[in-house]
Structures are given as C-alpha cells and as structure tokens.
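The values are calculated or read from the model by the stated rules, or taken from the named source; none is laboratory data. Keep in mind the model is a prediction, meaning the values are calculated, not measured. Glycine gets a Cβ as well: all are built from the backbone with ideal geometry, and neighbour counts include every protein chain shown. Heads up: the accessible areas ignore ligands, DNA and RNA and are worked out on the full protein's heavy atoms, side chains in. Shrake-Rupley method; radii C 1.70, N 1.55, O 1.52, S 1.80 Å.
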Amino acid sequence: MNPYRALPARSFWRPAVAEPDMLAVDEVWTPKFDIAPDDPVLTAGSCFARHLGPALRDEGMNWAEAELPPPGLTAAERRARHFGAYSFRTGTIYTAAALRQWLTWALTDDTGPDEVWRDGDRYFDPYRPSVEPDGYDSPEATLAARRSTLAAIRRTVTGAGCLLFTLGLTEAWRDTAAGTVHPVCPGTVRGTFDAGRHTFHNYTTAEVHRDLTAVVASLRAANPRLTVLLTVSPVPLTATATGAHVLTATGYSKSVLRAAAGQLAQEHDHVDYFPSYELITAFPFRGVFFAPDLRTVTPAGIAFVMRHFFAALTRDREAAAPTRATDRPADTPDGGDLFCDDAVLDHHRAG
C-alpha cells in the first residue's frame with residue numbers, strides 16, 4: 001500500500017483529464033464551505049467578475065447589490081453607470097491592493113483623498129473614473145457620491161454570507177502624493193498623467209498575499225460569519241507596462257495571483273479558491289472559450305465556469321467506499337513517459 005492507492009480518479013491526470021471529453025471534465029472544485037441559496041453573496045473584482053453576479057441571480061441565489069439603480073433608467077443607462085455589474089459600485093477592482101483600499105475606506109472613518117478630476121465643467125472620482133460616464137456637476141457631489149458608495153459597501157458587508165472576489169492584475173499605478181493605488185493609469189480613462197507622481201508597480205506574490213490577508217481580516221472583523229471565495233480572471237492582460245512581452249507578463253501576473261490565492265486558501269478555513277482561471281485557460285480546453293481576440297471569454301465559457309460552480313455546490317458529497325486496487329499494469333499508459341518520474345503515479349491509482 002501507498003498513499004496513491006486510496007486517491008479518487010480526479011487526482012490522476014489520465015482518468016480525470018486525458019480520457020474524458022473536455023466538456024465532461026468534472027469535480028475540479030470541492031467547496032470548503034456551503035453557500036446557501038439565501039446567503040447574500042457579494043461579487044467584486046476584475047472585468048470577468050461582472051458575469052458572476054447576474055449568473056448567481058439567474059440560478060436563484062441571493063446576489064447582493066449594495067446600490068440599486070434609480071427608477072426610470074434604461075438597461076443601457078444602468079450598464080453605463082455600472083449598476084448591476086458588481087455588488088459594489090466601485091467599478092472594476094483589478095488588484096488586491098485596490099480591494100484593500102476600498103474596504104479600508106468603507107470600514108473605517110477614512111473616505112479617501114478629497115482630490116477630484118475635472119474635465120470641462122464635469123468632475124470625476126479618480127478611484128472610479130468610469131462609474132459615472134457623464135461625471136458630476138461639482139467636486140462636492142463627486143465626493144458625496146463616493147461616501148454614499150462606501151456606506152453601502154459597509155452595510156452589505158456586515159450582512160453578507162460570502163464575498164466572491166476575482167483577482168485580475170498585478171500591474172498597477174500608484175499615487176505617491178496621496179499614498180493610494182489607481183484602478184487604471186491616470187491619463188487613460190480620465191485625469192492627467194504626472195510622471196513625478198504616478199508610478200508603476202508590479203505586485204509580487206508576497207505583496208498580493210499581504211493585501212489579501214488584510215482584506216480577509218477587515219471583512220471578518222466587520223462580519224465574523226463572512227466567508228471569502230477567491231478566483232483568478234482568465235482574461236489576459238490588455239497591455240503591460242513592464243517592458244516585457246504581454247504574453248510573458250500575463251503569465252507572471254496570473255501565476256502570482258493564483259499562488260497568493262492558493263496560499264491564503266490553505267491558511268484559512270473561511271477562505272477558498274474556485275478555479276475559473278483553470279477552467280478557461282488550461283490547455284486541455286484548447287482555448288475554445290475565447291473569442292477571436294483571444295482575450296474575451298465567450299458566453300459559452302462563462303456558462304461552462306458557472307456550471308462547474310453550481311454543480312460543486314449541489315453535488316452529493318458522500319464519500320465513496322475505498323475500492324481494491326487492481327494489479328499495476330506492465331506498460332506505460334497512453335501519453336506516459338518513462339523519463340518523467342511522476343508518470344509512475346498513474347500506476348498507483350485505485351482500480
């Protein structure tokens with residue numbers, strides 16, 4: 001006997017990945033905690049996260065929106081003003097540092113810098129420049145709207161059951177004067193870039209882990225029953241400011257985020273990782289869930305991810321009785337490699 005004899009089929013590459021049709025790959029996630037249908041679930045994060053809330057709602061789960069749209073808006077107006085995309089009306093949150101910043105402002109007396117950006121006779125919030133595409137009519141209105149959002153975040157966090165956060169990037173632009181991190185580089189969506197003030201930073205695994213740890217601590221202090229489900233966006237970088245090729249820069253960012261999320265999930269019973277990234281980008285899926293731009297995840301890809309998510313939550317978790325192992329086959333399985341030491345592990349799978 002050895003430890004591999006008792007492992008289920010999903011632990012072995014050949015029966016779990018190589019042999020099934022790619023759409024039949026199953027049991028990629030075993031949830032650490034339940035998310036009941038009536039548990040308020042919060043979603044936030046990168047652009048991929050905007051698909052998750054509506055999918056939860058369509059499945060009959062309790063997706064919580066901190067701020068509801070005013071009556072009378074068309075569907076296009078609601079989308080343009082970032083209603084119904086994320087639980088928090090913060091716009092896209094790409095980095096762990098930005099999530100930490102928003103939660104710090106929401107859960108303490110700090111509401112962030114008073115600076116606003118002016119464009120003609122309209123004013124914009126530097127920390128969510130896309131949320132109101134037409135801006136506000138005064139600096140006071142801009143900051144009042146942010147305070148309203150922070151209060152809404154505080155209310156929803158204290159009553160929520162789970163936060164589902166999608167990590168997107170490690171690259172960010174920091175404001176050395178304000179000590180803050182911006183959602184996008186100033187001078188792109190809005191604002192003016194100042195090379196003496198706005199500095200590029202590419203977060204390391206240790207830094208992402210540090211920020212996520214602080215996020216979880218602040219959430220649990222505000223709501224001790226809240227669980228956190230992390231995932232990594234499968235969407236590649238649009239561009240990189242590192243000077244590297246965008247392909248390798250994407251590999252770095254996603255690897256860092258995956259490692260930090262996995263480490264945090266190992267450290268806490270109330271933190272888990274869901275493999276959105278793997279379900280779209282892993283090579284057995286052959287990139288079929290990407291649009292022709294090789295970035296956008298297709299509706300079929302979103303549905304595939306969410307099907308795994310809901311199936312895992314409802315799956316019968318009765319443990320199967322151990323089965324007696326068959327004799328080890330004499331030949332290497334198809335696709336095996338005698339020069340690859342871990343190929344022998346396939347022989348130790350229970351029959």
Do we have any residue at all in the range 153-164 that's of a type in the set (A, V, I, L, M, F, W, C), open to solvent by 70 Å² or more (accessible area, probe 1.4 Å) and part of a loop (DSSP other than H, G, I, E, B)? no
Tell me which residues, restricted to the range 128-152, are in a loop (DSSP other than H, G, I, E, B) and either touching a helix residue (DSSP H, G or I) at 6+ places or on another chain (Cβ under 8 Å) or among the hydrophobic types (A, V, I, L, M, F, W, C) (or both). ARG128, VAL131, GLU132, PRO133, GLY135
Residue satisfying condition, being open to solvent by 10 Å² or more (accessible area, probe 1.4 Å), within 29 Å of ALA259 (Cα to Cα) and at pLDDT 95 or above, within set HIS198, HIS182: HIS198
Considering residues that are in contact with a Lys or Arg (Cβ under 6 Å, 6 or more places away or on another chain) and touching a residue at least 24 places away in the same chain (Cβ under 8 Å), the number found within the range 7-24 is 1
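Restrict the check to the range 78-100 and report whether at least one residue is without any contact (Cβ under 8 Å) to a residue 12 or more places away in the chain and not aliphatic (A, V, I, L, M). First the steps, then the outcome.
Applying the first criterion (without any contact (Cβ under 8 Å) to a residue 12 or more places away in the chain) to the range 78-100 yields 78-79.
This time we only want the ones that are not aliphatic (A, V, I, L, M), so: 78-79.
Yes - at least one qualifying residue is present in the range 78-100.
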Within the range 253-288, track down each residue that is in contact with a helix residue (DSSP H, G or I) (Cβ under 6 Å, 6 or more places away or on another chain) and small (Gly, Ala, Ser). ALA259, ALA260, SER276
Which one is surrounded by the fewest Cβ atoms within 10 Å (Cβ to Cβ) among residues in the range 118-152 that are under 28 Å from TRP63 (Cβ atoms) and of a type in the set (Phe, Trp, Tyr)? TYR136
Which residue is farthest from PRO183 (Cα to Cα), if the candidates are limited to the range 39-87 and must be aromatic (Phe, Trp, Tyr) and surrounded by 19 or more Cβ atoms within 10 Å (Cβ to Cβ)? TRP63
Counting only residues that are closer than 12 Å to GLU171 by Cα and of a type in the set (Val, Ile, Thr), which one in the range 247-266 is surrounded by the fewest Cβ atoms within 10 Å (Cβ to Cβ)? THR250
